[in-house]
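Chemist: Okay, handing you the structure first.
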Amino acid sequence: MLAPLVAAFMAQQVSVKIVDKPSVGGLNTFYVSNKTPIDPQPFRKLPIKAIKPEGWLLKQLQLEANGFTGHLTEISEFLNKKNNAWLSPTGEGDHGWEEVPYWLKGFGDLGYILQDPRILKETDFWVQKVLQNQAEDGWLGPRSNLKANDGKPDMWPNMVMLNVLQSYYDYSGDKRVLELMTRYFKWQAALPEEEFYTSYWEKQRGGDNMASVYWLYNRTGDEFLLDLARKIHRRTADWTSGIPDFHGVNFAQAFREPAEFSLLDSKAATVAESEADYDKMRQMYGQVPGGMYGADENARAGYTDPRQATETCAMAEMMLSSEMLLAQTGDPVWAERCEDVAFNSLPASMTPDLKALHYLTSPNMVQCDAGSKAPELQNSGPMLLFNPWDHRCCQHNVSHAWPYFSENLWYGMDDNGLAAVIYAPCKVNASVDFDQTVSIEEKTQYPFDDQIEFHFTMDSPVRFPLTLRIPSWCKEATLKLNGKALSVAKESQGKYAVLETEWKNGDVLVLTLPMKVDVNHWVNNHNAVSIQRGPLTYALKIGEKYVRHGGTDAWPAFSLEPTTPWNYGLTLDHFEVVSKPWPTNGQPFDWDSSPVEIKTWAREIPSWKMDSLGLVGKLEPSPVLTKEKAQMVTLIPMGAARLRISSFPVASILEGKPWAENTTN
């Protein structure tokens, strides 16, 4: 009887190692790795079919499919199939720029993830036309782009369409994608240097093209692609020497270019240069919660208050850049930066049913109407109106935010390991040895809850390393396997736990990430404060009134007005976390159905009002001296609040200066 008991005990032995970053340079038999001379990276993207979202994340994708993204062909003139240049065999026609590929980039992935027949059929219609209509010389897409820049090509829209085709190949294995991309990149390689990237958008965003060149090289090994990558870097704006352009979306997708090129030539560019650009932008214009920065269209000197806004496009692109840098560097900070945007900024850019969006969203926003806010917000027009018919680039480009997020929850690793790096409810099916795949169901309500369960299903026991990220805000993470506590070093926060054992069918691993309430001080932005619990920032719960403002009965537009006071400063002397039932409609990012709230004390600041444009008045330095009576207020997750104050003044009855009697700010 002793031998079986010893064997069973030994099978449960688990090694838990805490590392700053995952190993690099080992083999993964099953998932695409970088080919030499491109440097190896720790994480390999899993196939698009490998990860199945569940729970609240599945709900976001379902809402997207039923919302304006999933029905944009009924709404957007740019997706009109009649005379559409992206569908034309000759490349002639209308609407040949970025809008079609922007939308298709996320719409197609949404269909692949959900296995939605309607979306799959519509995606295939557009993709097949693109595959069939490539020019004989290799040019891709509408001919209007071929001579767009004083007779020189504009390759920017094609960069987005390449993403569409890569996802289609990942889903279908259709080798025509590899053939098309090879022909197109040979066309690019032959293009004279002086004609390569001559226009604004393509010059800023060349890193998108480079990523597709790497993608193809890793599948074909064609040597000419490496020289093309070098050419792309030479002709792209110089992101290695600082920030060459402060357009909000350009920055979100282009700051990573030095890190990308460092994979091929670490002497010409470095990851540190991308980090420096990110840090500079956040330091200058991003001293706010939510992971973004004020760039409403561009970041502008003197416009740094939390009422400055960010394009929805920029949120989607910042999430993608964070996902790419996470996979490349293994640095867990990029997972946190992705979660920050996804959980706190992105949801508020759209109505809770995902049937309308607005162009601009800010950390402090107390009214969303049709009035122009220029010049306080740089863009003029109804930028804050929730309208599925408007906001052109964001209307199409937001499509990829939630699908790409879903595809980057798990990665393959060295030694055929797996890594859970961005947490959300899902199920992953992945190969870890030649005999079988492993299914791991991730059961959680994170980021609203602190417990994540991993349920293992497999045919027979198998050994592989499993890597879990420990967030920097979590000081006391715990692990249990089948109810037995595992030892986790105290210095684990902001690092990875690597577990080695022989995993068995029915194993249950529980990761607990205790969340406490923290106060973040934005010293360089009026000394304001924000309240954080785990990865969620919390905002004042403001009553919301939707008012119909145009659109159609099927796809209406709305303004949004406050129905309760919003001009409070926090006292910072009490926080009570209140758990509520999970919303019956499955949507936690809604102001009145969030499963977690925080009660705290605040004092009203009567002189803090909207300005003449209808924007929330600018903050004044904290602490603010006030004699107003303290009141208990409710805070909800920032992403659930379309109207919100998330960057607060501090109110005091003992110190500071009174708020100026100023309603125009």
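Chemist: Which pairs turn up if I take residues in region 216-241 that are without any contact (Cβ under 8 Å) to a residue 40 or more places away in the chain and look for partners that are surrounded by fewer than 18 Cβ atoms within 10 Å (Cβ to Cβ) and assigned to a helix (DSSP H, G or I) with beta carbon separation below 6 Å, at least 6 apart in sequence or on another chain?
Modeler: PHE224/ALA189
Chemist: Of the conditions (1) touching a strand residue (DSSP E or B) at 6+ places or on another chain (Cβ under 7 Å); (2) under 18 Å from VAL14 (Cα atoms); (3) part of a loop (DSSP other than H, G, I, E, B), TYR446 satisfies every one except a single condition; which number is it?
Modeler: All conditions pass for TYR446, except number (2).
Chemist: Spot the failing condition for TRP410; the list is (1) within 23 Å of ASP590 (Cβ to Cβ); (2) open to solvent by less than 10 Å² (accessible area, probe 1.4 Å), and only one is missed.
Modeler: All conditions are met except number (1).
Chemist: Also, I was wondering about something else. Tally the residues that are closer than 21 Å to THR304 by Cα and in contact (Cβ under 8 Å) with a residue 60 or more places away in the chain, restricting the search to region 624-640.
Modeler: Residues in region 624-640 being closer than 21 Å to THR304 by Cα and in contact (Cβ under 8 Å) with a residue 60 or more places away in the chain: 2 in total.
Chemist: Give me the residue from region 265-298 that is open to solvent by 10 Å² or more (accessible area, probe 1.4 Å) and small (Gly, Ala, Ser) and, out of that set, nearest to MET350 (Cα to Cα).
Modeler: Only one residue tops the list, namely ALA276.
Chemist: Within region 570-617, track down each residue that is within 30 Å of LEU57 (Cβ to Cβ), part of a strand (DSSP E or B) and in contact (Cβ under 8 Å) with a residue 60 or more places away in the chain.
Modeler: VAL577, VAL596, ILE598, THR600
Chemist: Let me ask something else. Tally up the residues in region 524-566 that are free of Cβ contacts under 8 Å to residues at least 60 places away in the same chain and more than 30 Å from GLY70 (Cβ to Cβ), please.
Modeler: The qualifying residues number 3.
Chemist: Something else now. Of all the residues that make up region 356-369, how many are part of a loop (DSSP other than H, G, I, E, B) and within 18 Å of ALA640 (Cα to Cα)?
Modeler: Of the residues in region 356-369, 7 are part of a loop (DSSP other than H, G, I, E, B) and within 18 Å of ALA640 (Cα to Cα).
Chemist: Could you say which residue among SER460, SER380, SER372 is hydroxyl-bearing (Ser, Thr, Tyr), open to solvent by 10 Å² or more (accessible area, probe 1.4 Å) and either without any contact (Cβ under 8 Å) to a residue 40 or more places away in the chain or part of a strand (DSSP E or B) (or both)?
Modeler: SER380
Chemist: Considering only region 382-400, I want to know if a residue exists there that is out of contact with any strand residue (DSSP E or B) (no Cβ under 8 Å at 6 or more places or on another chain) and within 18 Å of GLU339 (Cα to Cα).
Modeler: yes
Chemist: Would you be able to say whether some residue in region 492-509 is touching a helix residue (DSSP H, G or I) at 6+ places or on another chain (Cβ under 9 Å) and at pLDDT below 95?
Modeler: no
Chemist: Any residue in region 627-638 that is surrounded by fewer than 21 Cβ atoms within 10 Å (Cβ to Cβ), of a type in the set (Ser, Thr, Tyr) and closer than 16 Å to LEU540 by Cβ?
Modeler: yes
Chemist: While we're looking at this one, here's another question. Looking at GLU453 and the list (1) among the acidic types (Asp, Glu); (2) at pLDDT 95 or above; (3) in a loop (DSSP other than H, G, I, E, B), which single condition is not satisfied?
Modeler: All conditions pass for GLU453, except number (3).
Chemist: Being touching a helix residue (DSSP H, G or I) at 6+ places or on another chain (Cβ under 9 Å) and open to solvent by 40 Å² or more (accessible area, probe 1.4 Å) is the filter here; which residues of region 104-115 pass it?
Modeler: Within region 104-115, LEU114 is the sole residue that qualifies.
Chemist: Next question. Please verify whether region 141-151 includes one or more residues that are hydrophobic (A, V, I, L, M, F, W, C), more than 29 Å from the chain's Cα centre (by Cα) and open to solvent by 30 Å² or more (accessible area, probe 1.4 Å).
Modeler: Within region 141-151, one or more residues are hydrophobic (A, V, I, L, M, F, W, C), more than 29 Å from the chain's Cα centre (by Cα) and open to solvent by 30 Å² or more (accessible area, probe 1.4 Å).
Chemist: Please work out which residue is most open to solvent (accessible area, probe 1.4 Å), limiting yourself to region 175-195 and to residues that are assigned to a helix (DSSP H, G or I) and without any contact (Cβ under 8 Å) to a residue 40 or more places away in the chain.
Modeler: Checked region 175-195; the qualifying residue most open to solvent (accessible area, probe 1.4 Å) is GLU194.
Chemist: From the list SER321, SER345, pick out the single residue that is among the polar types (S, T, N, Q), within 30 Å of GLY617 (Cβ to Cβ) and crowded, with 21+ Cβ neighbours inside 10 Å.
Modeler: Within the list SER321, SER345, the selection yields SER345.
Chemist: Among the residues of region 86-97, is any of a type in the set (Val, Ile, Thr) and open to solvent by less than 20 Å² (accessible area, probe 1.4 Å)?
Modeler: So far as region 86-97 goes, no, none of its residues is of a type in the set (Val, Ile, Thr) and open to solvent by less than 20 Å² (accessible area, probe 1.4 Å).
Chemist: Another question about this same structure. For ASP415, work out the one condition from (1) over 30 Å from LYS105 (Cα atoms); (2) at pLDDT 95 or above; (3) assigned to a helix (DSSP H, G or I) it doesn't fulfil.
Modeler: (2)
Chemist: In region 152-166, what residues are over 15 Å from VAL100 (Cβ atoms) and either of a type in the set (D, E, K, R) or open to solvent by less than 20 Å² (accessible area, probe 1.4 Å) (or both)?
Modeler: LYS152, PRO153, MET155
Chemist: Please state which of the following conditions ALA65 fails to meet, knowing it meets all the rest: (1) among the small types (Gly, Ala, Ser); (2) modelled with pLDDT under 95; (3) surrounded by fewer than 22 Cβ atoms within 10 Å (Cβ to Cβ).
Modeler: For ALA65, the exception is condition (2).
The values are calculated or read from the model by the stated rules, or taken from the named source; none is laboratory data. What you see is a predicted model; the values in this text were computed from it and never measured. Neighbour counts are summed over all protein chains in view; Cβ atoms, including those assigned to glycine, are modelled from backbone coordinates with ideal geometry. Just the protein is used for accessible areas: all its heavy atoms, side chains included, with ligands, DNA and RNA removed. Shrake-Rupley method; radii C 1.70, N 1.55, O 1.52, S 1.80 Å.
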